[in-house]
Amino acid sequence: MSELQDFHFIRPLWLLAVPLAVLLFGLVQRRSQAGQWSEYLPPAMLSALQVSMSARSKVWPWLSLFAVCVLIIASAGPTMSQQAVPTVRNAGALVIALDLSPSMLAEDLTPSRLERAKFKLIDILRAQADGQVALIAYAGDAHTVSPLTDDPQTIQALLPALHPNVMPIAGSNTEAALDLAQNLLRDAGLSQGDILLITDGVAQDAARYIANRLEVGNTVSILGVSGIEPAPIPKAGGGFVQTSRGEIVLTAVDAVGLRKLASQAGGQFARISTTDSDLARILKDRFEQPDEVVEVEGLGKWSSWDDLGHWLVLLVLPFALYSFRKGLIYVLPLVIMLPQDASAQSWFETLWKTPDQRAAQLFEQGEFDQAANAFERPDWQAVSQYRAGNYTESAKQFAALQDRLGLEALYNQGNALAMSGDFKGALAAYKRVLEAAPQHSDALHNKAVIEDILQQQNQDQQNQDQQNQDQQNQDQQNQDQQNQDQQNQDQQNQDQQNQDQQNQDQQNQDQQNQDQQNQDQQNQDQQNQDQQNQDQQNQDQQNQDQQNQDQQKQDQQNQDQQNQDQQNQDQQNQDQQNQDQQNQDQQNQDQQNQDQQTSSTESQDDELEASDETDEAPLPPVEPDLSEASEQWLRTIKDDPSGLLRRKFDYQSRLRAQENDSTTQGEERY
C-alpha cells in the first residue's frame, strides 16, 4: 500500500502528449470518414461509392491510439519504488612532470616550447573530470609544484609562475622527476598511477633508468614538445647557446626513441599539436579505464527512483509484430539504432569509408605508424612514415614517387634523408631540386644548412685526424725518450755499483782506524773519571761544613725577626681601638642630622604633590602619517609572482644538499 502512495512519474511532462495524440487521432478519423469527395458529391452517391470496412479495419486505428498512449506513458517514467545506486569515481591518479630545462625556451613553436606546453597542460587539467592530479617541475633537480589533488584549478593558477629561472639547478634530470612522481603516488597510498612527461627530450641514460626503475602498476607517457626541425636555445642576455668550439646547439624531439621508451613503460607517445589529437592519444588508455566503485560510509550509495516504463513496452510488442508481419524491412532502423560493439563499428566504417579515409582519420589522431600501413596512396604513406620518425623508409618511398610527383617528392626525399643522418644524399637531392627550380626558397635554405653541417663534419674529421697524427708522434717521442732513459739508467747503475765498491773498501779501512781510536779514548776516559770522583768527594765535604755554619746564622736571624713582629702587632691593635671609637662617635652625630633633614623633606613633598595634581592633563594621541614618498617607494617594489616558488625550490635544494652531506659523513664514520 505504501508503494502505491509513492507512485508518480519521473518525467511527467511527457503526459501532455496524451491529449495531443487523442486530438490528432480525432482529426484524422473525422477527415478519413468524410473524405475530400463529400464537397463535390451528394451523400447518397457518396455512400454508394464507398467500400464498407471490415470490423478488424475499424478496430485497428483504436489499437494504434492505445499503443501510442502506452508508449507516451512509458516515456513519462512511471515509478513507485527506489533502488540504491553506488557512487562511482575514477580512482586513477595522474602525475604530470613538466620539463623546465633551458631548451624549453626554444621558439620553434609559437611563442615558445614552454608556453605551448603550458597551454596543452591547461587542456589536460580541464579534461581531468575526476581523479587526482599532481604537477612536478624538473630541471637539474625535481620539485613538487602541487601534490595529488582533486582541484585542477589550483594547479592551473600556478602555471604562469613556472619558468627555468625559478629552478635552483639548470639541467634536465628526468631520473629525479621519475623518483619524485613515484614517491607522490606511494605517499598517497596508491599502488598504480599514470606519469606524463612533458619534455623536449630524454637522455639515453635517463631512458634506461626509467625502464629499470619504473615500479609495477605505473605507466609513463610522453608528450614531445618541439617542432619538426631542430631549433637553437636562446640565452637570457641575447643570442643562442653555443658549444665550447662556438657552435650553436640545436635540439629536437627524438620521436623514435621517445616512442620506444613510452612503449616499454606501458604508456603512449605523441608530438604536441594544435588539435586535441595528441591528448586523445596519450590519455586514451586513462579515459577508457572503468570507474572504481567507492563505498564511503554515509556517502557510499544514493537512492534513485526505479523507472518501470520499460515494462509497458511489452504491451506494445504484439501490435508492432503484427504491423510488420509483411514488411520486415521496416525493422532495419531499429537494428541500426541498437548499440554496436567495436567489431560491428569497424565493419560499418569499412562499408562506408575507403582505406585512405580511415587512414586519414588515424593520421589526424597521431597514429602515424598505423596510418602508414593503412594508406593506399603511396605519397600519404611516405608522409606518414616521415611523421612516425621512419625517415629511411620515407626517403625510399619519396624516391619511388619522383616520376609521379616530380620536385615535391625529390624535395621531401631530401628532408627525409637529412633527418635520417644521410647529409650527403640530402645535399644531392636539394641540388637536383635547385637545378630544376633555382628559386625554390626551402631547398635553398635546407641546402645551406646541410652544407654547414657537412663542413662542420669535415672540420671535425680533420681535427680528429690531426689529433691522431699528433698522438702517434707523441707516442714515438715517448718511446724514444724511454729508450734513452733506459740506457742512461743502465750506465748510472754500473757507475753506482763501482762507486759503492770503493765506498765499501774505504768504510772498512775507516772502521778499523775508528776502533783503535775508540780503544785509546776509553782508556783515557777511565782515568779522567777516577780523578773526577776523587775531586767530587773532597768538594762535597767542604760544602757540608759550609751549610752547617749557614744554618746556625739563619736560626739566630729568625728569632730576632719574631720578636720585632710581636711588638709591631701590639702597636697596631692599640691604634685600631682608637680609630673604632672615633668612627662610632661620628655615626651618632650623622644620624641626628639625617633625622632633622627627613622631617623637613616630608613637608616639602606634600606641597609638591598638591601642585602636581592641579597641573596634570591628558595629552592627545599621535596618529602615524604615511607620507607620499613612502607610498611611491612601495609602488616601486617589483611584483614577482614566481618568487614564492623560487624560494621554495631553493629551500628544498638546500635541505637535500644537507641530507646528502650528512649521509656522506655518516658513511665515512661507519
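The values are calculated or read from the model by the stated rules, or taken from the named source; none is laboratory data. This one's a predicted model, so the numbers in the text were calculated from it and none came from an experiment. Positions of Cβ are generated from backbone atoms using ideal geometry, with glycine treated the same way; all protein chains shown enter the neighbour counts.
Among the residues making up the range 188-218, those that are more than 15 Å from the chain's Cα centre (by Cα) and either assigned to a helix (DSSP H, G or I) or among the aromatic types (Phe, Trp, Tyr) (or both) are GLN204, ASP205, ALA207, ARG208, TYR209, ALA211, ASN212, ARG213.
Scan the range 314-332 residue by residue and report those that are at pLDDT below 80 and surrounded by 10 or more Cβ atoms within 10 Å (Cβ to Cβ). Within the range 314-332, VAL316, LEU317, PRO318, PHE319, ALA320, LEU321, TYR322, SER323, PHE324, TYR330, VAL331 meet the criteria. Scanning the range 390-404 for residues that are surrounded by 23 or more Cβ atoms within 10 Å (Cβ to Cβ) and either in contact (Cβ under 8 Å) with a residue 60 or more places away in the chain or among the hydroxyl-bearing types (Ser, Thr, Tyr) (or both) turns up just one, SER394. For ALA134, indicate whether it is out of contact with any His (no Cβ under 6 Å at 6 or more places or on another chain), part of a strand (DSSP E or B) and either among the polar types (S, T, N, Q) or buried (at least 23 other Cβ atoms within 10 Å of the Cβ) (or both). So ALA134 passes the test. Residues in the range 219-274 that are of a type outside the set (Lys, Arg) and either assigned to a strand (DSSP E or B) or not assigned by TED's automatic domain parsing to the domain that holds ILE124 (or both): 19 in all.
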